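Below is one structure, written out as structure tokens; the observations come after it.
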Amino acid sequence: MTEIILNDVHIKAENFTAEKAGNYKGEKELNKISFSFKVSSSEYHDITVLLYGLNFDVRVPEFDMEFPATILNYSTSITNLYKENEVGDFSLELIEITE
């Protein structure tokens with residue numbers, strides 16, 4: 001598991017990948033990360049509020065990565081985790097944003 005920190009929220013990520021992506025202006029390559037993580041019914045509200053913010057300060061301490069990012073792609077295995085003791089699989093792809 002890889003720890004990812006989005007706006008000071010710690011996430012235990014699975015299937016973590018990192019790559020560089022060119023931006024449309026032909027300037028510097030941008031950081032792009034993809035990962036999946038489990039979300040329990042007790043975490044659901046806080047995680048969805050976080051994700052609705054769209055932009056994040058991203059830190060991946062294990063790989064010494066830190067950058068501002070936005071959501072490139074997002075999916076979940078379940079859309080309603082308000083039922084107690086449910087767990088959903090979330091997938092998230094983030095790309096670095098420039099000022």
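The values are calculated or read from the model by the stated rules, or taken from the named source; none is laboratory data. Since this is a predicted model, take the numbers as computed values, not measurements. Ideal geometry is used to build each Cβ from the backbone, glycine not excepted, and the neighbour counts take in all protein chains shown.
Under 11 Å from the mean Cα position of the chain (by Cα) and either closer than 18 Å to Leu6 by Cβ or modelled with pLDDT of 90 or more (or both): which single residue out of Asn31, Asn73 fits that description? Answer to the selection: Asn73. For the stretch 3-18, filtering for residues that are surrounded by fewer than 17 Cβ atoms within 10 Å (Cβ to Cβ) and farther than 17 Å from Tyr44 by Cα leaves 5. Within the stretch 27-43, the set of residues being closer than 14 Å to Ile78 by Cβ, polar (S, T, N, Q) and assigned to a strand (DSSP E or B) comprises Ser36, Ser40. Exactly one residue out of Ala18, Ala13 is at pLDDT 95 or above, more than 11 Å from the chain's Cα centre (by Cα) and small (Gly, Ala, Ser), and it is Ala18. Does the stretch 69-99 hold any residues that are within 30 Å of Lys28 (Cβ to Cβ) and of a type in the set (A, V, I, L, M), and which are they? Those that are within 30 Å of Lys28 (Cβ to Cβ) and of a type in the set (A, V, I, L, M): Ala69, Ile71, Leu72, Leu92, Leu94, Ile95, Ile97. Whether any residue in the stretch 16-23 is in contact (Cβ under 8 Å) with a residue 60 or more places away in the chain, on the phi < 0 side of the Ramachandran plot, part of a strand (DSSP E or B) and not aromatic (Phe, Trp, Tyr) is what I want to check. Yes, there is a match, as at least one residue in the stretch 16-23 is in contact (Cβ under 8 Å) with a residue 60 or more places away in the chain, on the phi < 0 side of the Ramachandran plot, part of a strand (DSSP E or B) and not aromatic (Phe, Trp, Tyr). For the stretch 71-99, taking the residues that are more than 14 Å from Ile33 (Cα to Cα) and among the acidic types (Asp, Glu), the one that is surrounded by the fewest Cβ atoms within 10 Å (Cβ to Cβ) is identified as Glu99. Residue count for the stretch 45-70, restricted to those that are acidic (Asp, Glu) and either crowded, with 17+ Cβ neighbours inside 10 Å or not in a helix (DSSP H, G or I) (or both): 3. Remark: pairs (first residue in the stretch 74-86, more than 7 Å from Ser41 (Cβ to Cβ); second residue assigned to a loop (DSSP other than H, G, I, E, B); Cβ separation under 7 Å; 6+ apart in sequence or on different chains) = Ile78/Glu86.
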